[in-house]
Amino acid sequence: MSEKEDLAKQKAEAAAKAKAVALARKQAKEESAEKPEGETDMAKQKAEAAAKAKAVALARKQAKEEGAEKPEGETDMAKQKAEAAAKAKAVALARKQAKEESVKPEGDMDIAKQKAAAAAKAKAAALARKQAKAESAEKPEGDMDIAKQKAAAAAKAKAAALARKQAKAESAEKPEGDMDIAKQKAAAAAKAKAAALARKQAKEEATEKPEGEMDAAKQKAKAAALARKQAKGESAEKPEGDMDIAKQKAAAAAKAKAAALARKQAKEEATEKPEGEMDAAKQKAAAAAKAKAAAAAKAKAVAAAKNRTAEKESKEVNTPSELSPNQLKLDQIVSAIESHVGQGALLEHYINRLSKDVPTLVANPDTYFSIAKFLRYDEQLNFTYLSELHGTDFESHMEIYVHLHSFKMNQSVALKVKLDRDSPVIPSLVPLWSGANWPECEAYDLLGINFYEHPDLKRILLGEDWKGYPLRKDYQPYDVEV
């Protein structure tokens, strides 16, 4: 067929379409002028339906004729042109219908808009399905996948544009409360459509892919859906603190699943691939393993650095660089003891940071009483008040702790002495401070420390026939039932 004949046919068909449309309009106007409002709406709808049916039948007839006469290349172009023309007509008809229905009252307008939107969506979906089937029947596998992706993308774009248009139209007419509900409904509908389209596309792809790829895709989809569901359920039930922990657990579980899936997939691929591809896969797996090991080593190094920093800070707390305000008083007391009692009288002296910076003196057992006597009667020091005396079992040795206070210096000092655990014997301080009487009896009663020259050393909590000393670390009750 020549080009002139094609042009003549197209002109004749266009003239026929124009006549049919004009006739439909004329008939609709005449019927609307004669009928009341209720019947006019029905007549309009019937006329529009008839016009649509005529247009569709004419388009089908034209497509068949052109398909029978033209070669394959021109047939595809003709189909595309016909589909584009049909789409344009459908859009123009929907616009016209929307304008005509906008003259109606508000209640009828909303229903009409919803009906028009639903009809437009149904037409678009049917047209997309028809086009997809036609293209899938003609194209090879590689082109079919690309065509499906394009069709899916186009359908999503159309649905999104239609939803936005409908939302704008409804938001212009509805109050704020209804707008929010409408937005939520539109969003939910859009999500449902997208999910349905994704499921449909996945099914279509699953029918074309081999079994190995289908299993991997299914596993990935299931893992993703399960992770999302679990995250939503846990976030709805748990408070903020638990949500963070739940998120971390979910992330760890997702990582573990992904790693297991990757290992499984790698094994399956390794069994199917030839040697050259297997080597490349092995290299990739080795590189991924190295990256993971490097990340783990880095995390371990960071944790170790944090631990070292924490230890350093704790040491700085125990041994701060700044001098204690009691350091000068400690130096003064130590100097006085060494000059009056002797150089070897003290084994150690320091500021106890954990006990309000108290100056602490560790005495030699042989010079313990002499140092205590000097602290008590020296005119400059004058530690006249004994506030505390107790003993402690350190398993390797026993220790006596004495806390003294000088009202003249307004200063406290701690005096310690370490004793042999097997034979803990030390002079009593009762001759210097009468307040040491009962504390020394208590240390004797519970730890077995013997204070010689005590005026009345006896058990004050337990009976004289009690076996053993309860505060010793190796104490075992004589009577198990007690």
Here the FRET efficiency for Val21 versus Ala196, based on Cβ atoms and R0 = 25 Å and rounded to 0.05, is 0.10
Nearest-0.05 FRET efficiency for Glu395 and Ala157 at R0 = 60 Å, using Cβ-Cβ distance, is 0.15
Subtracting the Cα-Cα distance of Ala301 and Lys356 from 0.36 nm times their residue separation yields 16.1 nm
Beyond 27 Å (Cα-Cα) in this structure, taken from Lys156/Lys255; Lys19/Lys133; Lys255/Lys300; Lys9/Lys165; Lys11/Lys158; Lys64/Lys99, we find Lys156/Lys255; Lys19/Lys133; Lys9/Lys165; Lys11/Lys158; Lys64/Lys99
Once both label points are put 7 Å beyond Cα along the C-beta direction, the Val334-Val425 separation in nm becomes 3.2 nm
Mean separation of Cα contacts under 8 Å (at least 6 apart) over the residue count of region 290-437, i.e. the relative contact order in percent, is 17 percent
Spelling it out for Leu347: with amide H atoms placed in the peptide plane at 1.01 Å from N, the residues 5 or more places away or on another chain with amide H under 5 Å from its amide H are Val362, Ala363, Asn364
Sorted by chain and number, the residues with a modelled amide H under 5 Å from that of Tyr475, at a separation of 5 or more or across chains, are none
Going residue by residue through region 454-463, the Karplus relation 6.51 cos²θ - 1.76 cosθ + 1.60 with θ = phi - 60° gives ³J(HN,Hα) values, rounded to whole Hz and with x marking Gly or Pro, of 6, x, 7, 7, 7, 7, 10, 10, 10, x
Pseudo-spin-label distance Tyr385 to Lys96, built 7 Å along Cα→Cβ, given in nm, is 10.8 nm
Residue-ordered couplings for region 393-403, obtained by feeding phi - 60° into the Karplus form 6.51 cos²θ - 1.76 cosθ + 1.60 and rounding to whole Hz (Gly and Pro as x), are 9, 9, 6, 7, 6, 9, 9, 9, 10, 10, 10
Distance in nm between Lys458 and Lys264 label points, each 7 Å along Cα→Cβ, equals 8.2 nm
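Every number here is computed from the coordinates shown, using simple stated rules; none is lab data. Only a predicted model underlies this, so the values are computations on that prediction, with no experimental measurement involved. Because the Cβ atoms are built from the backbone with ideal geometry, glycine has one as well, and the counts that use them run over all protein chains shown.
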